[in-house]
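These notes are about the structure you will find just below.
Bear in mind these aren't lab numbers, they're just calculated from the coordinates by the rules spelled out. Every value quoted in this text rests on a predicted model; they were computed, and no experiment measured them. Here the Cβ positions follow ideal geometry from the backbone for every residue, glycine too, while neighbour counts run over all protein chains shown.
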Amino acid sequence: MRVDELRTPPLALVCALGRADVQPELAETLRTRATPPLVLASHPAIEDAPRVLVPRLRKRGVKQHLRTHAHGASAAHDAHARGVSSRADHANADAASTSATSNASLSSHPDIRGALKRDWLLKHKQSKPAVVMALLDNDVLDGSSDARAQLTRSLEKLYGAAHNAGAYVCVVCLAAGPGLPEVLPEDKASIIRKLLNIENRSIVTLNTATAQGREHGWNKAMKVAQELAIKMYGEECDRMTAMVDDPGCPAVLRARYAFKAGTYAEFRQDWVTATKRYRTAYEALPDVRAGMTTQDIIETLEVSEVLHVKLCVLLLHSGSPTEAVHQIEKHMRRWSNAASALGQEALPTFHEWRARQYNVFGDLLEHRLPAPAPVGTPRTHLPAFYFHAAAQCSIARRLAFDSVAFDSTAAPIEDVKVELGSYVGQLKIAGTENTRLTPEQYMAYLRVKDTRETISRETIELLTKAHDHYKENSAGTAGGRSFASLIAELANEYLHAGDYKSARKLFTTVAVVYRRERWTELLCSVLLHLKTCAKALRDDEAYLSICLEMAALNEGAASEHAPAAFIAAYAAMNEPRSGAAGGGGEDEDEDEDDVAPTITCGDGHLDRVFIHKAGFSTLDCVPGEPVKFHVALMSNLAGDLDISHIDVDFTESDAYEWSDSRSRVLRSREWLRLSFDIIPKCGYVCEATSLTLTTKAGYEFVIPFTADTSDCSTSSVNYESLPDSVLKMKIKTHTLDVRDAPPRATITMHTPNGSALVGEMSRVDITVTSVTDELEEAELLLHVTEDDEPSSNVHILSNTTGDVIPNGNIVIGDVALHATWTGAVCLRWSSDGPPAALHATLTAKRTGARMTEMFKNNPRTAPVESVTHVSCDAPFTVKRAYLPSYRQSPLVLQGDKCSKSPPVGVMLATLHVGGPTELTLDDVKSNVTGAPDKGVTQTDTNDTVTLNAGDAFLHVIPLRSQDHGEDSVRVKWHRTHGDSKSRDKAPTVIINEYVLPAVIGSKPPLTVELKYPPKLFLGEPFTYEVRASNATTASYDVKVAVTDSTGFVFSGIKRATMYVPPLSSASFYFLLVPIVTGSAVLPEMSLSAERFAAKFVPPIESRRVYVRPAY
């Protein structure tokens, strides 16, 4: 009974007899339309029934079963008397006297040969049908008497064979033409029922003339076969269950009957019952105890495997992976004590069995659970977990195999050939019916059935399987260490299998992870294996590299291997090399050119051999002046190293070099400090790249410089391990870049006029001075920025022509050493804004053949940069105001636009002078924006008048219409005292243009007018009239309130409401007497139209009067 047979539920078997021509169509129907599918066994004739249907030996009870096998037990005793039996037969004979329910072992009862027949399930799936389907021709039923008699004899034989085989029978009657009723006529049906002892519903008619008739008939036959199969398997399941429940049933029979009951339940798709019966069978198995023979223990394990697999398949099929996991855990715990009961020779077989349990369960999980599994899935629910567990058991199998082979004094000899027995877990002598092996033969077989190569190959396959599954479906449970450990196990198996190349490749991968994570002890164990691989592959370079790395591991448990590794490395370095010994003549000259073996200590695995700090003590340098270079070096090797040369290598080897040929001994864990001078050369980068140590044996240790080499800050990784003597060197960098230094020159910029004014050209004086370098074909590049962005508000102009300088580029030409070039540009601001930055960049042509060759694509030097800040002031600010008609003001309603655009009066444009300078106006005029000749209004100016900051100049613009439009005010001006651009005392005239917002007029609904005499005298009363004019067709109630009458004696009502009719006016009168002379203000009042929430206070300008003394 193979494990592959147990992974899928069995399908019911139907045996078809007769009409071979239609059986393919029947097989397709049963396979594709039945749920679950049915398997068809085809046979061409009904007469084949006695040959095809094998009779079943049905036991009606436990006692009958035991009586049936009593003869087999007597035969076993006879075999024992002939000397064929062994000590195991004596044990079986002793166990026969125990109770029938004894739980000693599967073979404890003398009348029972084993628990499960090996081919029982296969027979029921392939050769023991549940239903026999007879395909009859309707013409035969209607034929001659001889034909009917022949059919009757065939059906009688069919009934007998089916009855003995325990199968149900159904009949399909086929006709090739119309006229066959859906139900067979009673005269024909009664004969068939009587001969086959079946019900009328088990007889199906099928018309083959039409496709519809065939489909309908086959579907009906399929349903009948399904019902009969379910009925047959149900009866068999009940019969087996009854035998399981018999109190006198031995454990081995209880396990067998429960297994069969579970299988019958599976045939009928009753998963719950099948699970219960399999669990009953599993629990009925006896536990492994001391005193059981090796054959009994292994048979018990293999029988438990069958039942366990069936349980796991059903639990996973029903969607209960957690229960399946519990089952595998319970299964492995239950049989874990078998190792102590088995002998040493059987331990490899036991571990093989354990590995198979985990491997099979992992395969079941792989096909039942989603892939990839969701993040957070427990490890025990991942297939890779069980593949890895299987690999661990396989490793234990190899160790047990090696132990047996090591302890054996002689090789085992298999004196008989062995085959699988009739029962699960049993072996027999080849060629016999069921003769079991003696204990000696069994042990010899266990020792010879395995080979070390086979075990290693299976272990490698399991580890590879686990690794691939973890890589693709780890659900976040496998980290770097888990993968590294798994790969290490796989590499170890390759090593034991003798595949050193594959082992080294995998161990190298693991070592990378352990180095990165600083797992020293784990790394040491891997290096030991790599050392073995390198030695076996005769790779001397790799062997030396691994020994050096191990010699530098002086932490924790790894330090135990460091001294031995250093001795091995020292011996390897001092071994004579081919061509190292000098000869004579030409050979001696060739030996001098031999390249010394080089060991690079910065490629990841040898970076622990040395700790070093190196670099310059300053970041700044001047070409030609010496700079100190410091080197601090410490060896982590577990021994002293004899050094003959120390060299520092630079990028520009033809410009910089340093070497020290004094012999030294580099002590373990002691710092060696060196200092020397380096002179930077103009045009060359001064960069130290590596430190080279040459041993007396001729090996060169190259220690590359990295960013950490010159990092001695507190944030450095090894800062705490650095002694004070190293920190006092103040190492800062190992690179001084003077290759592309800018020319040593200065740029100064000055604005003689101070802050510029918008619109004018402000001069900037520029001076370039050569300090220590001559400038050839020098150029200046100018640009202006505002808030670190290119400015579009400031333009760079030529000082002579006033044209815009393209790209701000100014050609200076050659500047001799210590010479000065002066020039000027102009800046023009198109609008005022915050201060801007004027950037000047100076470059020159590179000189010298080497510099020109090195910078073919960049022929100009690095730039000299300078920045100065420039600012701008606005010469004028323009404000707009409106002057209404004399003593008239609009009473504005809420939301009316005329508050901003009165239709009467004029508009005032006020020029307020800004900036710290004195200005003179040359001309002020306005016009319609975009139409210089339209709406022109000019205001006379006086060129002798000087305007200072804060002064104002009024420009009057008459309102042209209600839609006045947009005006532009054009101002022509110059600095009163001239500027740096003035020539022959002629002022530089600037023209600025200001755009005023558009004016849209509208007629106000209410207009308030104040009326009083033009002349007022002290003490003489006069009438003060407030007139409100309504220009609308609606009436308004306007409230009038006097709030202040200082300087006048008031007579009248201070608060009142006047009615203003539509398209008319209304007045309110007061009597006032002046009591002061001189300038005065008429009483303040407020007017409001409450209906529109409009309120108005006449401006103070319309209430100003002058009171004269009385005559």
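Listed values, structure above:
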{"quantity": "For region 268-316, projected area of the alpha-carbon convex hull averaged over all directions, nm²", "calculated": "3.6"}
{"quantity": "Neighbour cut-off at most 15 other Cβ (10 Å), DSSP loop, GluC sites (Glu not before Pro), region 146-244", "calculated": "Glu182, Glu199"}
{"quantity": "Hz values of 3J(HN,Hα) by residue in region 832-845 - Karplus curve (6.51, -1.76, 1.60), Gly and Pro given as x", "calculated": "6, x, x, x, 10, 10, 9, 9, 10, 10, 10, 10, 9, 7"}
{"quantity": "Segment Thr689-Arg1055, extension gain: residue separation times 0.36 nm, minus the distance between their alpha carbons", "calculated": "121.8 nm"}
{"quantity": "At R0 = 45 Å, FRET efficiency that the Cβ-Cβ distance of Asp640 and Thr451 yields, to 0.05", "calculated": "0.35"}
{"quantity": "Amide H partners (placed H, <5 Å) of Tyr1036, local residues excluded", "calculated": "Val1060"}
{"quantity": "Efficiency of FRET between Asp287 and Val3 - r from beta-carbon atoms, R0 25 angstrom, step 0.05", "calculated": "0.65"}
{"quantity": "Estimated vicinal HN-Hα couplings, Hz - region 503-519 in sequence order (Karplus 6.51, -1.76, 1.60; Gly, Pro = x)", "calculated": "4, 5, 4, 6, 4, 5, 4, 5, 4, 4, 5, 5, 5, 5, 8, 6, 8"}
{"quantity": "Base-10 log of normalised Debye intensity for region 726-804 (one unit scatterer per alpha-carbon) at q = 0.18, 0.19, 0.27 Å⁻¹", "calculated": "-0.98, -1.04, -1.38"}
{"quantity": "Net charge of Cβ neighbours under 11 Å - reference Val54; Lys, Arg +1; Asp, Glu -1", "calculated": "+4"}
{"quantity": "Partner lysines for Lys696 [C-alpha distance under 26 Å; skip if fewer than 8 residues away on the same chain]", "calculated": "Lys531, Lys535, Lys613"}
{"quantity": "Rg in Å to one decimal, and Dmax rounded to a whole Å, for region 496-575 via C-alpha atoms", "calculated": "12.1, 34"}
{"quantity": "Contour excess over end-to-end distance, with Cα ends at His818 and Ser1102 and 0.36 nm allotted per residue", "calculated": "94.8 nm"}
{"quantity": "Simple label model, 7 Å out from Cα along Cβ direction - His367 to Glu541, nm", "calculated": "5.0"}
{"quantity": "Cα-derived Rg over Rh, computed across region 601-728 with Rh taken as Kirkwood radius", "calculated": "0.95"}
{"quantity": "Ordering of 549-560, 332-343 by burial proxy (mean other Cβ atoms within 10 Å per residue, highest first)", "calculated": "549-560, 332-343"}
{"quantity": "Globularity index of region 1006-1108, i.e. its alpha-carbon radius of gyration over 2.2 N^0.38 Å", "calculated": "1.10"}
{"quantity": "Efficiency of FRET from Cβ geometry, Thr618 and His869, R₀ 51 Å, rounded to 0.05", "calculated": "0.95"}
{"quantity": "Gain on full stretching of the segment that runs from Tyr994 to Thr714 - 0.36 nm per residue minus C-alpha separation", "calculated": "94.6 nm"}
{"quantity": "Cα-based reach from Lys157 at 20 Å (exclusive), listing lysines while leaving out same-chain residues under 8 positions away", "calculated": "Lys128, Lys188, Lys194"}
{"quantity": "For region 179-253, radius of gyration divided by Kirkwood radius, i.e. Rg to Rh on alpha-carbons", "calculated": "1.24"}
{"quantity": "Two-decimal ratio, region 208-296, of alpha-carbon radius of gyration to 2.2 N^0.38 Å", "calculated": "1.62"}
{"quantity": "Normalised convex hull volume, region 319-478, alpha-carbon set, Å³ per residue", "calculated": "133"}
{"quantity": "Spacing of the two label points (7 Å from each Cα toward its C-beta) at Leu399 and Glu560, in nm", "calculated": "1.7"}
{"quantity": "Nearby aspartates and glutamates by direct alpha-carbon distance to Lys1095 (threshold 14 angstrom, same-chain neighbours under 8 apart not counted)", "calculated": "Asp896, Asp1037, Glu1084"}
{"quantity": "Amide proton proximity set for Asp979, modelled H, under 5 Å, gap of 5+", "calculated": "Thr988"}
{"quantity": "Region 135-147 - phi-based ³J(HN,Hα) in whole Hz, Karplus 6.51/-1.76/1.60, Gly and Pro as x", "calculated": "9, 10, 8, 5, 5, 5, 5, 9, x, 6, 5, 5, 5"}
{"quantity": "Virtual spin-label span in nm between Thr598 and Asp940, 7 Å along Cα→Cβ", "calculated": "9.6"}
